[in-house]
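Encoded as structure tokens, the structure appears first; notes follow it.
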Amino acid sequence: MKKAVFIRNAAQLVTLKGSSHAPRVKAEMSDLGIIEKGSVWIEDGIIQDVGPDAELMAVYGSRLADAEVIDASGKLVTPGLVDPHTHLVFAGSRESEFTMRLQGATYMDIMNAGGGIHATTGATQAASFDELYQQSYSRLNQFLCHGVTTVEAKSGYGMEWETELKQLEVAKELNQSHPIDVVSTFMGAHAIPTEYKQRPDDFVQLLVEEMIPKVAHLGLAEFNDVFCEKGVFTPEQSKVILEAGKRHGLIPKIHADEIEPYEGAELAAEVGAISADHLLKASEKGITAMAEKGVVAVLLPGTAYFLMAESANGRKMIDLGVPVALSTDCNPGSSPTVSLPFIMNLGCLKMGMTPAEVITAATINAAHAINRASKIGSLEVGKQGDVTIFNVDNYMKLQYSYGVNHTDTVVKNGLIAVRGGNLIGELSLS
Ligand code: NIG
Ligand code: FE
């Protein structure tokens, strides 16, 4: 195998240069650092050079035989897309709830009746490690085919230690075996298990005193997330859980203000969360507090779409100075999709973001939301060789022509993983 990859002559090469130190806000989100007729030289998995093709040819023209040369003329080249919020590792499927919701049942009604997250928890508890691994591996393949090269993955379909551990270990194994980087989050606080319904504080205690210390000790997660929502974890309980994580070195994240206003955005700012996610019902006070603290808003318009709710106000958040990122929220109940490009279309149509802003939100700002901006999210010398090539000739078309997978080629850590829209042979696992 050749150790270099040379992507040449892109119609537009989106570099997003210069924002590894802090997430982009306001007008910075529109500054994509585009190079026309741009090229990238990747060697040993790392980006070694980025610039106009003529300049790179002057340096590397004599080494073309050493490299896998990819002609990107007429195409859009971006940093590999980053998905900063998924529930990747789960078993089963919940299409029966889809019909119930279409007939009027709400997401919370279904969950409170023992379905929803509880149904997936049952299926995940019952699945073997190998079943979970294989299902999640296939999902990662689909992500890759949509141009995504890094995925955050939450536990939370265990609600008891053994299954939480199984999910986290599957995520760890996937990170090692699959080209996509999988970044792990502990989300033991995803729902109150039925047996703790009458005494939720006992479950909080179990999380704080046993599970969080074990997860941290085993090095199985970097982040600690909680579903702070009326009927699930209160802001007070969420704070206790997130502070416990912090004491053990886990960085806080929050599912905040998704269904009802609950001061989750305020709590994110108070505990110094790296991100607050969902935020459909976040208050202006909470949004302002997030802007002041630089908490990334990870917005999930696919979830709002699928739950037939009004999306978060992404436009307002950007205007108030919050760094905004986008994610699929890939999960079996509220957003069963891997298409980050479709989420980018929804970012434009449902949240008033511009095509340039949604690209920033799905690359460098998403990398910031998972503490990876020094390695991924932009095309800059020294970063991982994670690059996606789309079959469109400018960045606006990626969102404009929707419901179509425009991914042509994906380079991950300097190796070609997708070519002509298809996974390269050895990846497909069946
Ligand atoms: O982010 N809101 C809570 N958790 C997930 C949904 C999980 C599920 O329904 O299985 C979410 O939407
Ligand atoms: Fe989620």
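Where only protein heavy atoms count, and the probe is 1.4 Å, what is the accessible area per residue for segment 48-93 in Å²? The partial results should precede the final answer.
Details: 1680 Å² over 46 residues.
That works out to 37 Å² for each residue.
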If one computes the Cα centroid of segment 209-230 and of segment 326-404, what distance in Å separates the two points?
-> 27
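Extension gain Arg247-Asn394, at 0.36 nm per residue separation less the Cα-Cα distance, in nm? If you can, show how the numbers build up before the last one.
Details: separation 147, 0.36 × 147 = 52.92 nm, distance 4.58 nm.
Computed gain between Arg247 and Asn394 is 48.3 nm.
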Among Ile359, Met108, Phe186, pick out the residue whose Cα is farthest towards the positive end of the charge dipole of the chain, where Lys and Arg carry +1 and Asp and Glu carry -1 on C-beta, about the Cα centre.
-> Ile359
Lys, Arg +1 and Asp, Glu -1 on Cβ, resulting dipole of segment 285-430 about Cα centre, debye, nearest 20 = 200
With springs only between Cα atoms under 10 Å apart, run a GNM on the chain and tell me which of Thr163, Thr149, Thr106 wobbles the most.
-> Thr106
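What shape does segment 344-430 have by the C-alpha gyration tensor, where a ≥ b ≥ c are the square roots of the eigenvalues, rounded means a/c under 1.5, and otherwise prolate means a/b greater than b/c and oblate the rest? Each step should come with its number before you reach the end.
Numbers: a/c = 1.99, a/b = 1.19, b/c = 1.67.
Cα axes put segment 344-430 in the oblate bin.
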So how tilted is helix 117-126 from the main axis of the chain? Cα-based, degrees 0 to 90, rounded to 10.
-> 80
Cα-based helix-to-principal-axis angle, 161-177 vs the chain, degrees rounded to 10 | 0
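Give me the extension gain from Trp161 to Tyr402: residue separation times 0.36 nm, minus the current Cα-Cα distance, reported in nm with one decimal. Intermediate values should be presented prior to the final figure.
Values: separation 241, 0.36 × 241 = 86.76 nm, distance 4.11 nm.
Between Trp161 and Tyr402, full extension yields 82.7 nm more.
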So what's the projected area for the chain, the Cα convex hull averaged over all directions, in nm²?
-> 18.8
Among Ser378, Ser62, Ser401, residue whose mean-square fluctuation peaks in a GNM of the chain (springs only between Cα atoms under 10 Å) | Ser62
Sketch the reach of a paramagnetic label on Lys214 as a point 7 Å from Cα along Cα-to-Cβ, and name the residues of segment 220-244 whose backbone nitrogen lies under 14 Å away.
-> 220-221
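About its Cα centre, what dipole magnitude does the chain give when the only charges are +1 on Lys and Arg Cβ and -1 on Asp and Glu Cβ, stated in debye to the nearest 20? Could the numbers behind the result be given before it?
Values: 35 positive and 52 negative charges, 143 e Å.
With Lys and Arg at +1 and Asp and Glu at -1, about 680 debye.
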Calculate the radius of gyration of the Cα atoms of segment 71-152 to one decimal place, then report Dmax, the largest Cα-Cα distance, as a whole number, both in Å.
-> 17.0, 54
So for the pair Ser30, Ser93, with labels modelled 7 Å out along Cα→Cβ, what separation do we get in nm?
-> 4.3
Using a Gaussian network model of the chain with C-alpha springs under 10 Å, which one of Ala153, Ala54, Ala282 is most mobile by mean-square fluctuation?
-> Ala54
Label Leu102 and Ser138 with points 7 Å out from Cα along Cα→Cβ: what is the distance between them in nm?
-> 2.2
How far is the Cα center of segment 45-111 from the Cα center of segment 151-205, in Å?
-> 24
Quickly work out the Lys375-to-Arg315 label distance, labels modelled 7 Å from Cα along the C-beta direction, and quote it in nm with one decimal.
-> 3.7
Expressed to two decimals, segment 1-109 has a Cα Rg over Rh, using the Kirkwood radius, of 1.22
Among His146, Ser93, Tyr60 - extreme Cα towards positive end, dipole of the chain, charges at beta-carbon = Tyr60
Among Gln198, Trp161, Val40, whose Cα lies farthest out toward the positive end of the dipole of the chain, if unit charges sit on the beta carbon of Lys, Arg (+1) and Asp, Glu (-1)?
-> Val40
R0 = 45 Å: FRET efficiency of Leu64 with Glu131, Cβ-based, nearest 0.05?
-> 0.50
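Beyond 15 Å, what share of the Cα-Cα pairs of segment 18-79 remains, rounded to the nearest whole percent? Don't skip to the answer; put the middle values down first.
Working: 1128 of 1891 pairs.
I get 60 percent for the Cα pairs in segment 18-79 exceeding 15 Å.
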Carbon plus sulfur fraction of accessible area for the chain, probe 1.4 Å, in percent | 51
Under a 1.4 Å probe, counting only protein heavy atoms, Tyr305 has an accessible area in Å², nearest 10, of 120
Please give the contour-minus-distance gain from Ala22 to Met308: 0.36 nm per residue of separation, less the Cα-Cα distance, rounded to one decimal in nm.
-> 99.6 nm
Given the chain, what percent of its DSSP beta bridges are antiparallel, to the nearest 5?
-> 45
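The values are calculated or read from the model by the stated rules, or taken from the named source; none is laboratory data. Computed from a predicted model, the values in this text were never measured in an experiment. Note that we place each Cβ from the backbone using ideal geometry, even for glycine, and neighbour counts take in every protein chain shown. Areas reflect the complete protein model, heavy atoms only, side chains present, ligands, DNA and RNA absent. Shrake-Rupley method; radii C 1.70, N 1.55, O 1.52, S 1.80 Å.
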